1. With θ taken as phi - 60° and the coefficients 6.51, -1.76 and 1.60, list the Karplus ³J(HN,Hα) couplings across segment 42-53 in order, rounded to whole Hz; mark glycine and proline as x.
2. Accessible area of the chain with a 1.4 Å probe: how many percent of it is carbon plus sulfur?
3. Tell me the label-point distance for the pair Thr57, Ser7, using the 7 Å Cα-to-Cβ offset, in nm and rounded to one decimal.
4. Would you mind putting 30-40, 54-64, 79-89 in packing order, based on average other-beta-carbon counts within 10 Å, highest first?
5. Please provide three numbers in whole Å: the alpha-carbon extents of the chain along the principal axes, with the largest listed first.
6. Sticking with the crude label model, points 7 Å out along Cα→Cβ, report the distance from Gln44 to Asp72 in nm, one decimal please.
7. Treat every Asp and Glu Cβ in the chain as -1 and every Lys and Arg Cβ as +1, leave all other atoms uncharged, and give the resulting dipole magnitude about the Cα centre to the nearest 20 debye.
8. Applying the Karplus parametrisation 6.51 cos²θ - 1.76 cosθ + 1.60 with θ = phi - 60° to the phi angles of segment 3-18, what ³J(HN,Hα) value in whole Hz is obtained for each residue in order, glycine and proline being reported as x?
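The values are calculated or read from the model by the stated rules, or taken from the named source; none is laboratory data. All of these numbers come straight from a predicted model, not from anything done at the bench. Ideal geometry is used to build each Cβ from the backbone, glycine not excepted, and the neighbour counts take in all protein chains shown. Please note that ligands, DNA and RNA were not included when accessible areas were found on the heavy atoms of the full protein model with its side chains. Shrake-Rupley method; radii C 1.70, N 1.55, O 1.52, S 1.80 Å.
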Amino acid sequence: QVQLVESGGGLVQPGGSLRLSCAASGSIFRARAMAWYRQAPGKQRDLVAIITGGGTTNYADSVKGRFSISRDNAKNTVYLQMMSLKPEDTAVYYCYVDMTIGNYWGQGTQVTVSS
């Protein structure tokens, strides 16, 4: 069993930046992939960014060039650096990990982009 705890969300003005963190209770060294998803009110949960065990990253078109995903295996943590934030980035952001023992979700952290 792996528990994921997100942090770093909050209220930010358009054009601002935030860094989300997702701390895992166990080792993520052998995770096949870790990802961030987001869900806006009344919409489905969508993939934002993913990083594989080998370090390959991929992003949703809407965040390319603005968001960056990274992982620190020593700290069992994955990050999402978000820059040039827009009102349409407002959502609950969820951390996800794909491991051989199962797939796990965090509880989510709210990001609100508003002036």
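1. x, 10, 7, 7, 10, 5, 9, 7, 9, 10, 7, x
2. Details: 2870 of 6040 Å².
So the carbon and sulfur contribution to the accessible surface is 47 percent.
3. Modelled inter-label distance: 2.2 nm.
4. Details: 30-40: 19.4, 54-64: 12.1, 79-89: 17.6.
Averaged packing, sorted descending, gives the order 30-40, 79-89, 54-64.
5. Extents along the principal axes: 41, 24, 24 Å.
6. 3.5 nm
7. Details: 11 positive and 7 negative charges, 24 e Å.
My answer is approximately 120 debye.
8. 10, 10, 10, 8, 7, x, x, x, 9, 9, 7, x, x, x, 10, 9
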